[in-house]
Amino acid sequence: MKDSTTAEIALERLPKEQREAWQTVLLILADDELAAGHRASEWLGLAPSVEEDIAFASIAQDELGHARFYYQWLARLENTDVDAFVFRRPSADWRNAVFLERVRGDFAEAMLRVWLYDEWDAIRLKALASCSFAPLAVGAKKMLCEEEYHLEHARAWMKRLASGGEARVRLTTALAHSFPALADLADFGSANFVLPELLGVDIHSLRDEWKKEVAERLEALRLVCPAWPEPQSGGRMGRHTEDMQELLSTMTEVSRWLPEVSW
């Protein structure tokens with residue numbers, strides 16, 4: 001409790017621009033994790049095997065736990081509660097990447113989404129683990145340990161899907177379908193310009209590292225890396241698709257019927 005209070009005081013004393021930038025970063029991190037976790041949870045009972053049901057449930061649980069961590073800090077900084085972020089925002093106030101809100105698709109597309117996101121999240125978390133905001137740095141280090149398992153699982157499935165037959169055809173189709181939606185994933189919206197102050201690294205370096213990792217791993221699987229879309233802020237500025245409306249409608253159904261419930 002003492003550490004949390006000290007961190008809050010430290011953030012309160014930051015210049016307004018930096019404080020608002022941290023709030024933007026935290027909201028992006030939280031919304032990404034919640035959207036990713038929700039879509040992963042939809043595979044419970046639908047995955048190709050019981051083992052994959054369990055794996056997706058575990059991934060979803062981890063991502064939702066990460067989201068809660070970020071939302072709790074936002075709630076402290078903005079003097080509100082976590083439920084206000086999760087259940088009482090219109091889609092225009094959400095800052096998750098459009099790529100993460102897309103409907104479930106088939107298993108190849110779902111696994112590709114997990115892999116592409118986790119490759120980016122691992123790079124992002126490594127930068128956060130060295131940031132000046134101590135509670136976030138400590139949290140990022142813990143999350144990295146969990147992401148290592150997510151990545152190991154996703155990379156193994158990418159190799160399996162790319163091995164041939166219908167699975168490879170589906171994965172190739174998923175690549176072509178998914179890449180155009182990646183424009184706003186490696187992005188921090190309005191906080192892009194102050195990332196060097198917050199994380200000690202700029203958005204271009206993080207984005208290039210992610211692209212290099214993805215391209216090299218696709219090449220190792222003898223898969224052609226599709227053209228990367230031009231970076232856009234999209235979801236980072238609240239511009240979402242109909243898929244986001246569907247996601248929020250499902251996720252907030254209970255809270256609409258029972259407003260007193262809490263996460």
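Based on what the data block shows, is residue 86 part of a helix (DSSP H, G or I), at pLDDT below 90 and among the β-branched types (Val, Ile, Thr)?
Yes, satisfied.
Considering only residues that are crowded, with 19+ Cβ neighbours inside 10 Å and among the small types (Gly, Ala, Ser), look in region 48-70 and name the one that is farthest from residue 151 (Cα to Cα).
Across region 48-70, the extreme among qualifying residues is 67.
How many residues are crowded, with 18+ Cβ neighbours inside 10 Å and in a helix (DSSP H, G or I) when one looks only at region 179-191? Show your work before the answer.
Here is the first cut: in region 179-191, the ones crowded, with 18+ Cβ neighbours inside 10 Å are 179, 181-189, 191.
If we keep only those that are in a helix (DSSP H, G or I) as well, we get 179, 181-182, 189, 191.
Counting residues in region 179-191 that are crowded, with 18+ Cβ neighbours inside 10 Å and in a helix (DSSP H, G or I) gives 5.
Yes or no: residue 77 out of contact with any Ser or Thr (no Cβ under 9 Å at 6 or more places or on another chain), at pLDDT below 95 and not in a helix (DSSP H, G or I)?
Working: out of contact with any Ser or Thr (no Cβ under 9 Å at 6 or more places or on another chain): yes; at pLDDT below 95: yes; not in a helix (DSSP H, G or I): no.
Here the answer is no, as residue 77 does not meet what is asked.
Does region 157-172 include one or more residues that are within 22 Å of residue 96 (Cβ to Cβ) and either of a type outside the set (A, V, I, L, M, F, W, C) or buried (at least 16 other Cβ atoms within 10 Å of the Cβ) (or both)?
At the first step, the residues of region 157-172 found to be within 22 Å of residue 96 (Cβ to Cβ) are none.
Within region 157-172 (the criterion being within 22 Å of residue 96 (Cβ to Cβ) and either of a type outside the set (A, V, I, L, M, F, W, C) or buried (at least 16 other Cβ atoms within 10 Å of the Cβ) (or both)), the answer is no, since none of the residues qualifies.
Limited to region 122-140, what total is found for residues that are in contact with a helix residue (DSSP H, G or I) (Cβ under 8 Å, 6 or more places away or on another chain) and in a helix (DSSP H, G or I)? Steps first, please.
Step one: filter region 122-140 for residues in contact with a helix residue (DSSP H, G or I) (Cβ under 8 Å, 6 or more places away or on another chain), giving 122-137, 139-140.
Remaining after also requiring in a helix (DSSP H, G or I): 122-128, 134-137, 139-140.
Looking only at that region, the number is 13.
Scanning for something touching a residue at least 24 places away in the same chain (Cβ under 8 Å) and under 28 Å from residue 18 (Cβ atoms), does region 171-183 turn up at least one residue?
Within region 171-183, the first condition is being touching a residue at least 24 places away in the same chain (Cβ under 8 Å), and the residues that meet it are 171-183.
Checking the rest, the ones that are also under 28 Å from residue 18 (Cβ atoms) come to 183.
Yes, region 171-183 contains at least one residue that is touching a residue at least 24 places away in the same chain (Cβ under 8 Å) and under 28 Å from residue 18 (Cβ atoms).
Quick one: residue 122 ticks every box in (1) of a type outside the set (Val, Ile, Thr); (2) within 16 Å of the chain's Cα centre (by Cα); (3) surrounded by 21 or more Cβ atoms within 10 Å (Cβ to Cβ) bar one, so which box is it?
Every condition holds for residue 122 apart from (3).
Somewhere in region 82-104, is a residue under 14 Å from the mean Cα position of the chain (by Cα), more than 23 Å from residue 243 (Cβ to Cβ) and surrounded by 15 or more Cβ atoms within 10 Å (Cβ to Cβ)? Please lay out each step first, then the result.
As a first pass, look at region 82-104 and keep what is under 14 Å from the mean Cα position of the chain (by Cα): 94-102.
Okay, now just the ones that are also more than 23 Å from residue 243 (Cβ to Cβ), so none.
No; the residues of region 82-104 include none that is under 14 Å from the mean Cα position of the chain (by Cα), more than 23 Å from residue 243 (Cβ to Cβ) and surrounded by 15 or more Cβ atoms within 10 Å (Cβ to Cβ).
Any chance you could count how many residues in region 202-239 are in a loop (DSSP other than H, G, I, E, B) and either under 19 Å from the mean Cα position of the chain (by Cα) or among the acidic types (Asp, Glu) (or both)? Walk me through how you get there before you give the answer.
If we filter region 202-239 for residues that are in a loop (DSSP other than H, G, I, E, B), which is where we start, we get 202, 221-233, 238-239.
Filter once more, so that each one left must be either under 19 Å from the mean Cα position of the chain (by Cα) or among the acidic types (Asp, Glu) (or both): 202, 228-233, 238-239.
Residues in region 202-239 being in a loop (DSSP other than H, G, I, E, B) and either under 19 Å from the mean Cα position of the chain (by Cα) or among the acidic types (Asp, Glu) (or both): 9 in total.
The values are calculated or read from the model by the stated rules, or taken from the named source; none is laboratory data. These figures come from a predicted structure and were not determined experimentally. Because the Cβ atoms are built from the backbone with ideal geometry, glycine has one as well, and the counts that use them run over all protein chains shown.
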